[in-house]
Amino acid sequence: SIEEVEDKPEDLLPRAPIVTVMGHVDHGKTSLLDYIREENVIAGESGGITQHIGAYGVQLENGQKIAFLDTPGHEAFTAMRARGAQVTDIAIIVAAADDDIMPQTKEAISHAQAAGVPIVFAINKIDKPDANPDKIKEGLANMNLLVEDWGGKIQSHDISAKFGTGVKELLEKVLLEAELLELKANPNKVATGTVVEAYLDKGRGYVSTILVQAGTLRVGDYVLAGQHSGKVKAMQDERGHDVQEAGPSTPVSILGLDGAPQAGDKFNVFEDEREAKQIATKRAQLQREQSVRTQRH
Ligand code: GDP
């Protein structure tokens with residue numbers, strides 16, 4: 001059975017923030033995520049992260065880490081929330097400085113607010129000659145969102161995702177915001193978390209990217225995720241390196257599930273492989289019955 005045992009305060013250790021990037025189409029979400037992914041160089045490792053596994057972790061020069069969901073836009077955010085998954089600690093909302101506050105900017109703001117997730121604004125494209133960051137900040141002020149340099153408490157930073165200007169400082173502000181949240185998790189128990197994406201790879205079978213949110217996942221664990229289960233045969237990080245274990249706020253892709261769970265499905269680890277399989281089968285059966293019923297109506 002899936003039991004959530006409450007952690008004792010002394011078992012909780014600091015964990016990295018999980019960040020989603022949202023904003024209006026063409027305002028630079030993908031460019032920002034790409035820049036961070038490609039430019040991040042962890043000590044001792046050369047080159048950026050080349051794999052697209054739906055989520056990635058980066059480490060800043062000071063050693064602090066941030067986990068990013070690599071699916072820009074609020075569709076992913078709302079789809080996950082609709083499945084009951086809360087996988088974002090902080091939202092970066094990108095707003096292009098050569099444009100107005102647009103409908104999807106407003107939508108992103110309301111989604112973050114509805115989820116109780118703090119926002120850090122990235123005022124983007126400041127390299128453009130017609131960029132006017134103050135116009136965006138004024139627009140935000142008119143929505144009762146006062147950013148710091150307008151005397152408010154909401155973090156924002158002017159950036160160019162194209163050239164990387166200000167991105168480091170933006171991430172420092174994200175970490176500052178994270179500090180206020182005092183994010184913690186117990187790494188010393190079996191893992192729980194959320195599926196970010198999954199697909200069938202012709203050579204390797206089903207590959208699922210999951211975000212561990214509590215506990216530690218290990219190769220050999222029996223996992224149940226949505227309607228699928230299986231023994232974790234191998235795990236890889238965002239650099240394609242094999243890893244043996246993954247702790248809180250760590251995204252990994254895993255091999256071994258008997259199908260592709262959906263983004264937003266939660267995963268749990270079971271001691272008993274058969275029990276995981278039984279629940280998965282039961283869920284699949286319920287789903288089939290439900291779709292037969294809806295087809296009849
Ligand atoms: P998304 O739809 O929000 O993911 O936006 P993209 O990242 O795809 O960017 C849309 C367009 O704006 C692309 O042509 C990018 O090259 C361009 N772009 C994004 N960021 C910047 C920036 O900082 N400066 C400039 N000049 N162009 C940018």
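Screening Ile49 with (1) within 15 Å of the chain's Cα centre (by Cα); (2) surrounded by 22 or more Cβ atoms within 10 Å (Cβ to Cβ) gives one miss only, at (1). Which one is surrounded by the most Cβ atoms within 10 Å (Cβ to Cβ), of the residues in segment 77-106 that are under 15 Å from Leu32 (Cβ atoms) and within 15 Å of the chain's Cα centre (by Cα)? My answer is Ile92. Taken together, Leu183, Leu175, Leu224 contain a single residue that is over 21 Å from Pro17 (Cα atoms) and aliphatic (A, V, I, L, M), which is Leu224.
For the structure I just gave you, tell me whether Glu238 is in a loop (DSSP other than H, G, I, E, B) and within 17 Å of the chain's Cα centre (by Cα). So Glu238 passes the test. Note on segment 253-273: residues that are closer than 14 Å to Ile53 by Cβ, touching a residue at least 60 places away in the same chain (Cβ under 8 Å) and assigned to a strand (DSSP E or B) total 1. Note on segment 151-177: among residues that are small (Gly, Ala, Ser) and touching a strand residue (DSSP E or B) at 6+ places or on another chain (Cβ under 6 Å), the one that is farthest from the ligand (Cβ to nearest atom) is Ser156. For Met22, the conditions (1) under 17 Å from Leu170 (Cα atoms); (2) exposed (fewer than 15 other Cβ atoms within 10 Å of the Cβ); (3) near the ligand (Cβ under 10 Å from one of its atoms) are fulfilled apart from (2). Do we find that Ile36 is modelled with pLDDT of 90 or more and touching a Leu at 6+ places or on another chain (Cβ under 7 Å) in this structure? It is false that Ile36 is modelled with pLDDT of 90 or more and touching a Leu at 6+ places or on another chain (Cβ under 7 Å). Screening segment 25-130 for strands (runs of 3 or more DSSP E) wholly inside it with 2 or more residues that are within 16 Å of the ligand (Cβ to nearest atom) returns the ranges 65-69, 90-96, 119-124.
List the strands (runs of 3 or more DSSP E) that sit entirely inside segment 151-220 and contain at least 2 residues that are at negative phi and exposed (fewer than 15 other Cβ atoms within 10 Å of the Cβ).
192-201
If we scan segment 179-192, do we find a residue that is away from the ligand (no atom under 16 Å from the Cβ) and more than 21 Å from the chain's Cα centre (by Cα)? Yes, the conditions are met somewhere in segment 179-192. Considering only segment 52-63, I want to know if a residue exists there that is within 27 Å of Gly152 (Cα to Cα), surrounded by fewer than 21 Cβ atoms within 10 Å (Cβ to Cβ) and touching a residue at least 60 places away in the same chain (Cβ under 8 Å). Scanning segment 52-63, I find at least one residue that is within 27 Å of Gly152 (Cα to Cα), surrounded by fewer than 21 Cβ atoms within 10 Å (Cβ to Cβ) and touching a residue at least 60 places away in the same chain (Cβ under 8 Å), so the answer is yes. For segment 136-150, a residue qualifies if it is part of a helix (DSSP H, G or I) and either among the hydrophobic types (A, V, I, L, M, F, W, C) or surrounded by fewer than 16 Cβ atoms within 10 Å (Cβ to Cβ) (or both), and the qualifying residues are Ile136, Glu138, Leu140, Ala141, Asn142, Glu148, Asp149, Trp150.
The values are calculated or read from the model by the stated rules, or taken from the named source; none is laboratory data. Note that the structure is a prediction, hence the values are computed from the model and not measured. Please note: Cβ atoms are built from the backbone with ideal geometry, for glycine as well, and neighbour counts cover all protein chains shown.
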